[in-house]
Amino acid sequence: MNNQEIIEVGGKYVMNTYGRLPMALVKGEGVKVWDADGNEYLDFIAGLAVNSLGHCHPAVTEAIARQACALMHCSNIYWIEPQVKLARLLAENSDLDKVFFCNSGAEANEGAIKLARKYAKQHLGSGKYEIITALNSFHGRTLAAITATGQAKYQQGLEPLPAGFKYVPFGNIEALKEAVGPHTCAVMLEPVQGEGGVNLAAQEYWNQVQELCSEEGLLLILDEVQCGLGRTGKFLAYMHYGLKPDIVTLAKALGGGFPIGAMMAVEKVASAFQPGDHAATFGGNPLASAAALAAMNTMLNEGIILNAEKVGNYFKHKLTELAAKYPVISEVRGLGLMLGAQLTVPGADIVSYCQQKGLLINCANGNVLRFIPPLIITESDVDKVVNLLDEALGKIEKRV
Ligand code: PMP
């Protein structure tokens, strides 16, 4: 099928939940993807931060093929070798002790919310269930996850929402302190907000968040679904700030392109779950775990995270130069290869100009150009992208 044929069948039979671009991708390799008409693109979206190793990394595809021939699925009523190895690898490379595996970011956050409530009942006393999250945050599309999400647009029309969530501006410690009440059991934050437009908070804010949590006995839950796993130039983004979270959620890049999510916790908190308390049929199945184990071994052992830091710094520097040339870029921000360029105008035209010229980028919140490419990109890939952006911004600048 060509692009047009796929789009027609999709329009007829696939539920209309996504604002899709008019193209269908059929192949990917490294930082490149191809559509059904044979057009080639440089992919600076990476499946929305999923394809961090690039598309179809051989270590991942070989692990999947090997595991698919051995055992694809059993049940979590048995132990699974690739799953336990993956749990050990994640624990050894973080400050968390135990892992619950699931299939997506939203499901990881659901698990985190349930675990926090269970822990609170057992250790903090009854009546503690409330979780404070940040405005502009994004935690997924299930009911509890949209309720944790601090953006009304994801919640509208879906009421009644689960009770027990409160929102405060991200980065404002006074607002957070004021929001803590008798029912509060946890604070849930993204170390770098992704969907909200690549927003960072100051080191001093994080120091005080950590202090507040220990003083008030609150759990610190960090959603690393988008910013985690090498993207910001550290294995987990909280490591930039020296935080000690109680619960961390992961998904996206974890499986190297294969769907898998994880909710990690420190021992004391993890033990609030007992057999029968939580489950997912497909969570950590042999195939997903084998893919993730290969992906994470590659991520950790092949200089990928260092590359994200190094090329990310170069890219940020180049974007800052563009900002000096074009006043429509009011700010460049981000860490590693999670970068955003805040525009004073909508970004849709720039995104579609780039797409026509063979570059996939994305716009968060309508006016933040978001760059979340595979972490294997080179400085020469960045140069190509910056040249194209220069062209696109030149055209925009003439109009404003
Ligand atoms: N948390 C964050 C920070 C995310 O960016 C996303 C997805 N954009 C999610 C959770 C939800 O992940 P999923 O789509 O896998 O449910």
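The values are calculated or read from the model by the stated rules, or taken from the named source; none is laboratory data. These numbers come from a predicted model, not from an experiment. No Cβ is skipped: glycine too gets one built from the backbone with ideal geometry, and neighbour counts run over all protein chains shown.
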Could you tell me whether the stretch 267-277 includes any residue that is crowded, with 24+ Cβ neighbours inside 10 Å and within 13 Å of the ligand (Cβ to nearest atom)?
no
Among the residues that make up the stretch 170-184, is at least one of them within 12 Å of the ligand (Cβ to nearest atom), outside any loop (DSSP other than H, G, I, E, B) and modelled with pLDDT of 95 or more?
no
Matching residues in the stretch 1-38 (acidic (Asp, Glu) and in contact with a strand residue (DSSP E or B) (Cβ under 6 Å, 6 or more places away or on another chain)) number 2
Which one of these does TYR129 not meet: (1) within 16 Å of the ligand (Cβ to nearest atom); (2) within 20 Å of HIS278 (Cβ to Cβ); (3) among the aromatic types (Phe, Trp, Tyr)?
(1)
Based on this model, can you work out whether TYR18 counts as assigned to a loop (DSSP other than H, G, I, E, B), among the hydroxyl-bearing types (Ser, Thr, Tyr) and within 26 Å of the chain's Cα centre (by Cα)?
yes
Can you confirm whether VAL60 is exposed (fewer than 15 other Cβ atoms within 10 Å of the Cβ) and closer than 23 Å to GLY283 by Cβ?
no
Please state which of the following conditions GLY366 fails to meet, knowing it meets all the rest: (1) small (Gly, Ala, Ser); (2) more than 23 Å from GLY54 (Cα to Cα); (3) modelled with pLDDT of 95 or more.
(3)
Going by what's in this entry, would GLU190 be described as surrounded by fewer than 21 Cβ atoms within 10 Å (Cβ to Cβ) and either under 22 Å from ASN93 (Cα atoms) or out of contact with any Phe, Trp or Tyr (no Cβ under 9 Å at 6 or more places or on another chain) (or both)?
no
With ALA152, ALA134 as the choices, which residue is away from the ligand (no atom under 15 Å from the Cβ) and among the aliphatic types (A, V, I, L, M)?
ALA152
Quick one: in the stretch 28-45, which of the residues that are assigned to a loop (DSSP other than H, G, I, E, B) and surrounded by fewer than 23 Cβ atoms within 10 Å (Cβ to Cβ) is nearest to the ligand (Cβ to nearest atom)?
ILE45
Which condition number in (1) more than 16 Å from the ligand (Cβ to nearest atom); (2) over 27 Å from LYS234 (Cα atoms); (3) part of a helix (DSSP H, G or I) is the one that ALA144 fails?
(1)
Of all residues in the stretch 64-88, which are farther than 15 Å from PHE100 by Cβ and in a helix (DSSP H, G or I)?
ILE64, ALA65, ARG66, GLN67, ALA68, CYS69, ALA70, GLU81, PRO82, LYS85
Select, from PRO160, PRO169, PRO182, the only residue that is of a type outside the set (A, V, I, L, M, F, W, C), free of Cβ contacts under 8 Å to residues at least 24 places away in the same chain and over 14 Å from ASN109 (Cβ atoms).
PRO160
Among the candidates LEU89, LEU48, which residue alone is surrounded by fewer than 21 Cβ atoms within 10 Å (Cβ to Cβ), within 16 Å of the ligand (Cβ to nearest atom) and under 25 Å from the mean Cα position of the chain (by Cα)?
LEU48
Looking only at the stretch 329-340, how many residues end up being surrounded by 20 or more Cβ atoms within 10 Å (Cβ to Cβ) and in contact (Cβ under 8 Å) with a residue 60 or more places away in the chain?
8
Taking only the stretch 92-126 into account, find how many residues are more than 14 Å from the ligand (Cβ to nearest atom) and either out of contact with any Phe, Trp or Tyr (no Cβ under 6 Å at 6 or more places or on another chain) or more than 16 Å from GLY228 (Cα to Cα) (or both).
21
